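> What follows is a single structure, and I will ask about it in a moment.
The values are calculated or read from the model by the stated rules, or taken from the named source; none is laboratory data. None of these values were measured; they are calculated from a predicted model. Reconstructed Cβ throughout: ideal geometry from the backbone, glycine too, with neighbour counts over all protein chains shown.
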Amino acid sequence: MEALSRANVGHAPAYGTDELTNQCIELFRSLTTPQCEVYFVFNGTAANVLSLASQMRSWNSVVSSSVAHLPNDECGALESLVGAKNILVPTADGKLTPILIEPLLIRRGDQHASQINCVTITNPTEIGTVYSLEEIKNLRSFCDQHRLRFHLDGSRLVNAAASLDCRLSDLLMPFDVVSFGGTKNALMFGEAIVFPRGTSGDEFKYLRKQFMQLPSKTRFVAAQFLEFVGTDLWLENAKHANAMAARMSAGLANSSYARLTQKTQANGCFAVLPRKLVSRLREHYFFYVWDEHTFECRLMTSWDTTPEDVDGFLALLEKLGAENV
């Protein structure tokens, strides 16, 4: 908020030609390469769809995990706006591997088939697991071998970096394009689309405008990213969120009324809770039921989750469990 206030002084040119936006682009270049390109947009759906639109044509397809945000929570935006197909791969832990992807390439060159040309992953995944740097390296090598583009849905990229104890550059450089999350990490609004090696070509600025995602006052998005990425705030926020998830996970592991279903590696816990308790718990704490058949629940922590929030949820779970189960 203070960064927004500082940006709200004096006169500045519009549409990303201001000094703050230029400073933010230089910041990302210092993390990647001098050729890095950065484009700011309003929201995460636009960041993902525009990132992929820059890599695909309507006859192309992108491979993603079956639990990815792209096929499940973007309301068909990729298919509707780009015309490209999303090929889903079932995975136990939300992660793609070369072994899972390779069989899908058998019809490349067949004019009757949608042509796979892109792989997208999310790190952390939608079920809270984290790709290691080695796993990402292997996928990058696979994409290079098969001439595939490589996209990262990085809505919680900073949580992965904190979990892996690595630099942001380690999670940017392997990809052709990255959706760098802002709003899930405390920004008021705005996301960044990052081409770490500057491979967008000259067409992306027109694509962003056509998709109605060119902010006239870009400096207000850039000012927040300067404060977030240009300081240790991203790491502070991410470490805190991850620590709160670890606290939640430890409590659930010791509960008679919960069963963890995934490793807690970032800021998400996945656990099966008693069906009869879920509505009662949600009267006091908001969370999603991830699977309505098993009542596996998705419990996310964030930069502003407190230990009292976590402990209160766990205490209520024990209380309701003792009374009703």
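> Kindly establish whether V67 is in contact (Cβ under 8 Å) with a residue 60 or more places away in the chain and outside any helix (DSSP H, G or I).
Details: in contact (Cβ under 8 Å) with a residue 60 or more places away in the chain: yes; outside any helix (DSSP H, G or I): yes.
Yes: the conditions hold for V67.
> Checking F295 against (1) more than 22 Å from N185 (Cα to Cα); (2) in contact (Cβ under 8 Å) with a residue 24 or more places away in the chain; (3) surrounded by 13 or more Cβ atoms within 10 Å (Cβ to Cβ); (4) not basic (K, R), which single condition isn't satisfied?
(2)
> Here's a follow-up. Could you identify the single residue in D153, D144, D110 that is acidic (D, E) and within 30 Å of A271 (Cβ to Cβ)?
On inspection, the qualifying residue turns out to be D153.
> Considering region 1-41 alone, what residues qualify as being surrounded by 17 or more Cβ atoms within 10 Å (Cβ to Cβ) and either of a type in the set (V, I, T) or not in a helix (DSSP H, G or I) (or both)?
Hits for region 1-41 are G16, D18, T21, I25, T32, C36, E37, V38, Y39, F40, V41.
> Among (1) of a type outside the set (S, T, Y); (2) in contact with a Cys (Cβ under 8 Å, 6 or more places away or on another chain); (3) over 18 Å from A160 (Cα atoms), which single condition is M188 missing?
Exception for M188: condition (2).
> Residues of region 164-195 being over 15 Å from the mean Cα position of the chain (by Cα) and either more than 22 Å from F42 (Cα to Cα) or hydroxyl-bearing (S, T, Y) (or both), which ones?
L164, D165, C166, R167, S169, D170, M173, P174 - these are the residues of region 164-195 that are over 15 Å from the mean Cα position of the chain (by Cα) and either more than 22 Å from F42 (Cα to Cα) or hydroxyl-bearing (S, T, Y) (or both).
> When residues of region 90-125 are filtered for being surrounded by 12 or more Cβ atoms within 10 Å (Cβ to Cβ), under 20 Å from R140 (Cβ atoms) and not polar (S, T, N, Q), how many remain?
Summing the residues that are surrounded by 12 or more Cβ atoms within 10 Å (Cβ to Cβ), under 20 Å from R140 (Cβ atoms) and not polar (S, T, N, Q) in region 90-125 gives 16.
> For T120, only one of the following conditions fails: (1) more than 23 Å from N185 (Cβ to Cβ); (2) part of a strand (DSSP E or B); (3) out of contact with any Phe, Trp or Tyr (no Cβ under 7 Å at 6 or more places or on another chain). What is its number?
(1)
> Looking only at region 126-144, filter to residues that are surrounded by 13 or more Cβ atoms within 10 Å (Cβ to Cβ) and acidic (D, E); which one of those is nearest to the chain's Cα centre (by Cα)?
Among residues in region 126-144 that are surrounded by 13 or more Cβ atoms within 10 Å (Cβ to Cβ) and acidic (D, E), the one nearest to the chain's Cα centre (by Cα) is E126.
> Suppose the filter is assigned to a loop (DSSP other than H, G, I, E, B), assigned by TED's automatic domain parsing to the domain that holds D18 and under 30 Å from V130 (Cα atoms); does Q213 pass it?
So Q213 fits the description; yes.
> Specify the residue that is nearest to the chain's Cα centre (by Cα); the eligible residues are those in region 42-64 that are in a helix (DSSP H, G or I) and more than 30 Å from Q262 (Cα to Cα).
Out of the qualifying residues, it is L50.
> Name the single residue that is surrounded by the most Cβ atoms within 10 Å (Cβ to Cβ) among those in region 221-275 being of a type in the set (A, V, I, L, M) and part of a loop (DSSP other than H, G, I, E, B).
The residue in question is A266.
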